Amino acid sequence: MLITEEEAVKILMLGDTVAVPTETVYGLAALATNPEAIAKIFEVKNRPADNPLICHFHSIEQLARFVKAISANTLLLLNHFSPGPLSYMLDLRDDSPLLFATAGSRQVIARIPDHPFFLSILRKIDAPLAAPSANTSGSISPTTADMVEEDLGGKIAGIVDGGACTVGLESTIIDARRMEVVIILRPGTIGETEIQSVLPGISVRSGENETKAIPGAKYRHYAPATPVTALKNMADIINHPGSAVFLTLEDMQSITRSTYPVLTSKNIQLLSIGSLHDLPAMARNFYRIIASVDTLKVEQAFFLLPSFGNTSLGKALQNRLDRILSL
Ligand code: TXA
Ligand code: MG
């Protein structure tokens, strides 16, 4: 059910959950300081109890009230990228009211989201909101209100429709607590290049201890219900009758005219993920296109492996694809 911002504020204040738009993916929000509200998020998502919830704030000042110290590097990045798709690991104050949201961890992952509706809700409530991606644990993050409705519609008090997410992939998560190094715990649109442009001379490391630092990384993630397997060669497509194949627009265009009737006769459906020349658009549409395979009712899907390239966004797309592929 679609609800307004005002209705969302009321429902959240009463300790219930609602789905909200962010620039990355839709989040399932609840009062981060309310244990019962937090418990509802875990229940609705069927989320393992040891997987902490990312918390959202409306400003750096508000965030500062909940954490011990904000390191110099964190503050420089916050000033530069907030609001935006960058999340920070920070140390909670002792006796923090966020310990339920973090599943007992003394660290919180925090961000200031860049969506006018969500920011306005956060300001009106003036308390942090926990909001993991608004999907059942293990399935794909939703990037439209329809995708949320499809997955969680029957289980939550409402959805604030803020349109399609403009980024389309989850935020980058970093640990910038140390002086000499920034660690990327989950890649996203803001990557090494963008971080180094704000912190010249600081080394930025990727992927290190990802599964140890971020509990969510150890669970199967971001995958549709239909099994998706990697396909290395274009020519192999015809060996999989009755399947669906994800491929880039460029790969789609390189299929010869004479091949099309063969694909049709073998009932092979092609799903274009967009052009490698417009990675931001590809990221925006990525999860929606991947999730759409479940509506085709095919037993198996294939992904013709593209080369996303070495930009931060290319690496983030590769990271999400790796999680989709059931190798
Ligand atoms: O873009 C995003 O970050 C979206 C939007 C809604 O803000 N949220 C999101 O939340 O992607 P989620 O829960 O799907 O992914 C957050 C990841 C999970 O892998 C979780 O394990 C990890 O961050 N995480 C959250 N809090 C943590 C903490 N205190 N310590 C370690 N890892 C944490
Ligand atoms: Mg998630």
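The values are calculated or read from the model by the stated rules, or taken from the named source; none is laboratory data. In this text the structure is predicted, and so the values were computed from the model without any measurement. All Cβ positions, even for glycine, are placed from backbone atoms using ideal geometry, and neighbour counts span all protein chains on display. With ligands, DNA and RNA removed, areas are computed over all heavy atoms of the protein, side chains included. Shrake-Rupley method; radii C 1.70, N 1.55, O 1.52, S 1.80 Å.
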Q: Return the total of residues in segment 279-323 being part of a helix (DSSP H, G or I) and over 18 Å from the mean Cα position of the chain (by Cα).
A: 4
Q: Considering only residues that are of a type in the set (D, E, K, R) and more than 9 Å from ligand 1 (Cβ to nearest atom), look in segment 17-49 and name the one that is most open to solvent (accessible area, probe 1.4 Å).
A: 43
Q. Any idea which residue in segment 61-75 is nearest to ligand 2 (Cβ to nearest atom), counting only those that are buried (at least 16 other Cβ atoms within 10 Å of the Cβ) and in a helix (DSSP H, G or I)?
A. 63
Q: Output the number of the condition that residue 181 fails; it satisfies all remaining conditions of (1) among the β-branched types (Val, Ile, Thr); (2) more than 13 Å from ligand 1 (Cβ to nearest atom); (3) in contact (Cβ under 8 Å) with a residue 60 or more places away in the chain; (4) farther than 23 Å from residue 285 by Cα.
A: (3)
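Quick grid of which residues meet (1) of a type in the set (Gly, Ala, Ser); (2) surrounded by 24 or more Cβ atoms within 10 Å (Cβ to Cβ); (3) within 13 Å of ligand 1 (Cβ to nearest atom); (4) outside any loop (DSSP other than H, G, I, E, B):
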| position | (1), (2), (3), (4) |
| --- | --- |
| 99 | no, no, yes, no |
| 103 | yes, no, yes, no |
| 113 | no, yes, yes, no |
| 122 | no, yes, yes, yes |
| 127 | yes, no, no, no |
| 140 | no, yes, yes, no |
| 148 | no, yes, yes, yes |
Q: Would you confirm whether any residue within segment 84-95 is of a type outside the set (Phe, Trp, Tyr), away from ligand 2 (no atom under 16 Å from the Cβ), outside any strand (DSSP E or B) and buried (at least 19 other Cβ atoms within 10 Å of the Cβ)?
A: yes
Q. Quick one: residue 152 ticks every box in (1) open to solvent by less than 40 Å² (accessible area, probe 1.4 Å); (2) assigned to a loop (DSSP other than H, G, I, E, B); (3) out of contact with any Pro (no Cβ under 6 Å at 6 or more places or on another chain); (4) within 16 Å of ligand 2 (Cβ to nearest atom) bar one, so which box is it?
A. (2)
